[in-house]
2 protein chains.
Amino acid sequence: MKNEFEWIRSIAQEEYSHSGVVTGIGDDAAVIREEEGFDTVLAVDTMVEGIHFTKETMPLEAVGHKALAVNVSDLAAMGAVPLYYMVSIAVPKTGWDQEETGRIYDGMKKLAARYPMDLIGGDTVSKKETLVLSVTVVGRVEKNRQLLRGRAEAGDVLFLTGPVGFSARGLDRLLREGRAAWDEKDAYIQAHQYPEPHVRYGRVFAESGARIAANDVSDGIGHEGREIAEASGTDVTIDWEALPFVERFKEFEEREEWLLHGGEDFCLIGAASPDVFAELQRVLKKENLPLYKIGTVDAGSGNVWLRRADGERKLLQSGGYTHF
Amino acid sequence: MKNEFEWIRSIAQEEYSHSGVVTGIGDDAAVIREEEGFDTVLAVDTMVEGIHFTKETMPLEAVGHKALAVNVSDLAAMGAVPLYYMVSIAVPKTGWDQEETGRIYDGMKKLAARYPMDLIGGDTVSKKETLVLSVTVVGRVEKNRQLLRGRAEAGDVLFLTGPVGFSARGLDRLLREGRAAWDEKDAYIQAHQYPEPHVRYGRVFAESGARIAANDVSDGIGHEGREIAEASGTDVTIDWEALPFVERFKEFEEREEWLLHGGEDFCLIGAASPDVFAELQRVLKKENLPLYKIGTVDAGSGNVWLRRADGERKLLQSGGYTHF
């Protein structure tokens, strides 16, 4: 059993990737230095055992991966470069051992190494029942280049940077089959367990300097579309048939639930003028990154519409997961 | 019952005190701008129901106050000015209502208003059993002026910015008497429920530009003294009789436990040369802020000694709360 000192040493990085780390892990707080011309971007998100995951739905490395990924996704939605993270973990006194907690950190470290991001702080506390993992991320974006959800305008293209519904479809199977469904080659299981934050998209959007609205798809495109519509003072219309890979969901009764309200897909939904959209599509194509037109931004007041191939529109009720 | 939008609106600030808030609550992430000449200081700390508090030991406003205070205390220990905070709260589905959660935010807001600090982000999730409150704070300190625990040298004065043991003594009574002990005039109860972060001390230390080591007393002066000693490659010696208000603890069997290992007092323990100490004491006295000499820093290798009035020293074993 490691004591607190040994534990901190075991999770602390020996070297930092970024010269902006003035004081890293191991003092009362972390000190970072921002480069000139940049703003600092901050987000925090919490994952709770029994609500966001169980030991049956997620390998422990995936718990770590996902806890960091959902936060990095928030940075991506602002167009930011991920730089640092801090981890606050509340570990149950029974049912969890240090080796397991270490695997959660392994999952975070592996994802962090890709950007790279440095672990600069956090704390560990004991608790009674379920594990709670709260991650704070820090990034940076060029001054006045952050992507805001309130920037859509009527006439814009509504776009998506990746498929939706995959995570919900994977979770559905995981809840039925448990560990038997842990399949590294299944795109739906992987989408749920190891979501990929769309950092590169966010950077291309921010670097373009164009007027672009964006949200990451944590709560389903119905919910995220409504956030863009409300913040922009417009309506948005989603073309059902334009959703990426919609044909793969045809046979499922839950297809609307999964595609519109499933959430946890962590691609970006956004809006830009048709010209900007075409230019973004062109730039992204060079990097083999698809950009899907999934609808339109229309004059209105915060509504989300679903349009069928025959042109019929229905008002999408507020759905998806609402806390409380 | 408020939905998520209404809830966020109810906790969001309408105006921000700091012009550095580029994007506050209500988008994917917060964006802040640092002033030239400053570094950004970050800390995160988590409070768990059943471990750090219960509804019997703490009024809900105090839960909020303390969750923010313990983080601000980390900023104080770095010499930083508190600026922003983000709150991640996991609320049990049963046993807690929105009015109660709102009171936790009220406690945070009241403390935040004093500095002032702006609430710039966070998230709310549901969970099964106990409430978990994770707060991230952001401050700033002049470049290269942060206070580090590894800066003590043999020959330094070991000092304390306030009394210790008060919080532990208050908790002892709270655990025995519950709500009957909630006494706004009792210094021990108040020390436990509404700890005061020593921000002003940290600022005086940082502004002095002198070599000063500092830690906030979250885990007791035995533990914090050891952190300074280990990080500095010295020993430290605590003079029992020099501890502030030590005479008030004479009658209690738990006096060593409370004064040395009690923790949660959130004053600062630190070290500086005798000359610097005298100068700090002089400057702080003008603001009616006492600074107590409680011992010495000696040549050594990470040990903490306790010295009695007759000069006898004993080695202090590693005590206080260790996670895992």
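Throughout, read-outs are computed from the coordinates displayed, never taken from laboratory work. Source: prediction; values computed, not measured. Glycine also receives a Cβ, built like all others from the backbone with ideal geometry; neighbour counts cover every protein chain displayed.
What translational diffusion coefficient, in µm²/s and rounded to a whole number, does the Stokes-Einstein relation yield for segment A:149-315 at 20 °C and a viscosity of 1.002 mPa s, taking the hydrodynamic radius as the Kirkwood radius over Cα pairs?
Details: Rh = 16.1 Å.
Translational diffusion coefficient: 133 µm²/s.
Once amide H atoms are placed 1.01 Å from N in the peptide plane, what residues at a sequence separation of 5 or more from residue A:125, or on another chain, have their amide H within under 5 Å of its amide H?
A:89, A:90, A:91
With runs of 4+ DSSP H residues as the only contributors, calculate the mean residue ellipticity of the protein assembly as shown at 222 nm using -39,500 (n - 2.57) per run, divided by the residue total and rounded to the nearest 500.
Mean residue ellipticity at 222 nm (helix-derived): -9500 deg cm²/dmol.
What gaps in nm, shortest first, separate residue A:12 from its twins in the other copies when you place the label 7 Å past Cα toward the beta carbon?
Counterpart label points of residue A:12 in the remaining copies fall at 3.9 nm.
Calculate log10 I(q)/I(0) of segment B:71-180 for q = 0.09, 0.10, 0.11, 0.23 Å⁻¹, where I(q) comes from the Debye formula with a single equal point scatterer on each Cα and nothing for solvent.
Debye output, listed in q order: -0.38, -0.47, -0.56, -1.25.
Would you count, across segment A:4-142, every pair of lysines whose alpha carbons are under 13 angstrom apart, provided the pair is eight or more residues apart or spans two chains?
Taking segment A:4-142 as the scope, the lysine pair count is 4.
Taking chain A as a Gaussian network, Cα atoms linked when under 10 Å apart, which of A:235, A:28, A:156 shows the biggest mean-square fluctuation?
Top of the fluctuation ranking is A:28.
How large are Rg and Dmax for segment B:102-149 when calculated on the C-alpha trace, in angstrom?
Rg, Dmax (Cα atoms, Å): 14.8, 44.
Per-residue HN-Hα couplings for segment B:261-268, Karplus 6.51 cos²θ - 1.76 cosθ + 1.60 at θ = phi - 60°, whole Hz, x for Gly and Pro?
Going residue by residue, I get 10, x, x, 6, 8, 6, 8, 10 Hz, with x marking Gly and Pro.
Taking only Cα atoms of the protein assembly as shown, what ratio of Rg to Rh do you get with Rh as the Kirkwood inverse-distance radius?
Here the Rg-to-Rh quotient is 1.00.
Based solely on C-alpha atoms, express the radius of gyration and the Dmax of segment B:146-246 in angstrom.
Final numbers for Rg and Dmax: 15.7, 47 Å.
Let's see if you can work this out: charge +1 on each Lys and Arg Cβ, -1 on each Asp and Glu Cβ, no other charges. What is the dipole magnitude of segment B:149-315 about its Cα centre, in debye to the nearest 20?
Once rounded to the nearest 20, the dipole reads 360 debye.
Quick one: which residues, 5+ away or cross-chain, put their amide H under 5 Å from the amide H of residue A:239? H built at 1.01 Å from N.
Amide H to amide H, under 5 Å and 5 or more residues apart or across chains, residue A:239 pairs with A:295, A:296, A:307.
Using a label position 7 Å from Cα in the Cα→Cβ direction, what is the ascending list of nm distances from residue B:303 to the same site in the other copies?
The answer, with the shortest distance listed first, is 7.9 nm.
Two-decimal Rg/Rh of chain B from alpha-carbon positions, Kirkwood Rh? Working shown, then result.
Values: Rg = 20.2 Å, Rh = 20.5 Å.
Rg/Rh for chain B comes to 0.98.
To one decimal in nm, how far is residue A:184 from the same spot in the other copies, if labels go 7 Å from Cα toward Cβ? Please give the shortest first.
List, nearest first: 6.2 nm.
Per residue of segment A:90-106, what does 6.51 cos²θ - 1.76 cosθ + 1.60 with θ = phi - 60° give for ³J(HN,Hα)? Whole Hz please, x for Gly and Pro, Karplus curve as stated.
The phi angles translate into 10, 9, x, 5, 10, x, 9, 10, 5, 4, 5, 4, x, 5, 4, 5, 4 Hz.
Thinking of segment A:265-311 as a set of Cα atoms, what percent of all their pairs are more than 15 Å apart?
58
Tell me the label-point distance for the pair residue A:288, residue A:241, using the 7 Å Cα-to-Cβ offset, in nm and rounded to one decimal.
Calculated label separation equals 3.1 nm.
What percent antiparallel are the DSSP beta bridges of the protein assembly as shown, to the nearest 5?
Counting DSSP beta bridges with both partners in the protein assembly as shown, the antiparallel share is about 75 percent.
Given H placed 1.01 Å from N in the peptide plane, which residues other than close sequence neighbours of residue B:38 have an amide H under 5 Å from its amide H?
Amide H neighbours of residue B:38: B:143.
Quick check for segment B:189-324: number of Lys pairs with alpha-carbon distance under 25 Å, counting only pairs 8 or more apart or on different chains?
So the count of such lysine pairs works out to 4.
Hand me the GluC sites (Glu not before Pro) from segment A:191-285 located in a DSSP loop with no more than 11 other Cβ atoms within 10 Å, in residue order please.
Answer by residue number: A:251, A:253.
HN-Hα J couplings of segment B:290-301 from phi, Karplus 6.51/-1.76/1.60, θ = phi - 60°, integer Hz, Gly and Pro as x?
x, 10, 9, 7, 10, x, 9, 9, 10, 4, x, 8
Could you tell me how many cubic angstrom of Cα convex hull volume segment A:4-66 has per residue?
On the way: hull volume 9.2 nm³, N = 63.
It comes to 147 Å³ per residue, whole-number rounded.
Estimate the FRET efficiency between residue B:114 and residue A:183 by the formula 1/(1 + (r/R0)^6), using the beta-carbon distance for r and 45 Å for R0, to the nearest 0.05.
0.25
With no solvent and one equal point scatterer placed on each C-alpha of segment B:229-324, evaluate the Debye formula and give log10 I(q)/I(0) for q = 0.14, 0.15, 0.21 Å⁻¹, two decimals.
The calculated log intensity ratios at q = 0.14, 0.15, 0.21 Å⁻¹ are -0.62, -0.71, -1.31.
Using alpha carbon coordinates only, what is the Rg to Rh ratio of segment B:15-142, with Rh defined as the Kirkwood radius?
Rg/Rh for segment B:15-142 comes to 0.98.
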